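The values are calculated or read from the model by the stated rules, or taken from the named source; none is laboratory data. Only a predicted model underlies this, so the values are computations on that prediction, with no experimental measurement involved. As a convention, Cβ positions derive from the backbone with ideal geometry for all residues, glycine included, and neighbour counts pool all protein chains shown.
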Amino acid sequence: MTLSSTAGIFLALFALPGAVTAVFQIAFLLGRRKNSSAIVALAMFWRIITFFARLSLLPLIGGIFFFQGWRLDPILQLGVFLLSAGYLSELFMSMLYEYGSWQKR
């Protein structure tokens with residue numbers, strides 16, 4: 001199995017937990033609607049975009065990497081793998097931070 005195929009599998013697997021955390025963020029912002037300023041509306045808009053991107057684009061990109069990653073040369077496969085690993089580490093740390101903040105509430 002190539003590096004980009006492995007990255008595609010992990011991207012597709014992290015799509016659902018990432019989307020679930022985005023749903024909880026949206027629910028938290030909707031529950032806190034006392035402040036209806038433009039900043040809260042912009043944050044809500046950003047969370048909705050994040051939800052749809054995590055739910056639809058991550059599996060799509062993961063599928064492309066899984067099925068077409070073998071066609072890349074080895075240096076490009078390494079680059080795709082490192083970029084995906086960086087994104088997944090940021091996504092994982094974000095999910096841990098959000099879970100910790102939910103525990104405090």
Practice task
Assess whether Leu58 counts as being crowded, with 16+ Cβ neighbours inside 10 Å and not hydroxyl-bearing (Ser, Thr, Tyr).
Solution key: yes
Handout entry: Index of the failed condition, Ser89 passing every other in (1) surrounded by 11 or more Cβ atoms within 10 Å (Cβ to Cβ); (2) modelled with pLDDT of 90 or more
Key = (1)
Completion exercise
Okay, helices (runs of 4 or more DSSP H) sitting entirely in segment 1-103 with 2 or more residues that are in contact with a Phe, Trp or Tyr (Cβ under 8 Å, 6 or more places away or on another chain) and without any contact (Cβ under 8 Å) to a residue 60 or more places away in the chain, I get 3-13, 15-31, 58-68
Practice task
Quick one: count up the residues across segment 39-76 that are out of contact with any helix residue (DSSP H, G or I) (no Cβ under 7 Å at 6 or more places or on another chain) and among the aromatic types (Phe, Trp, Tyr).
Solution key: 4
Problem - Output for segment 70-104, where each listed residue is over 15 Å from Thr21 (Cα atoms) and of a type in the set (D, E, K, R) - result: Arg71, Asp73, Lys104
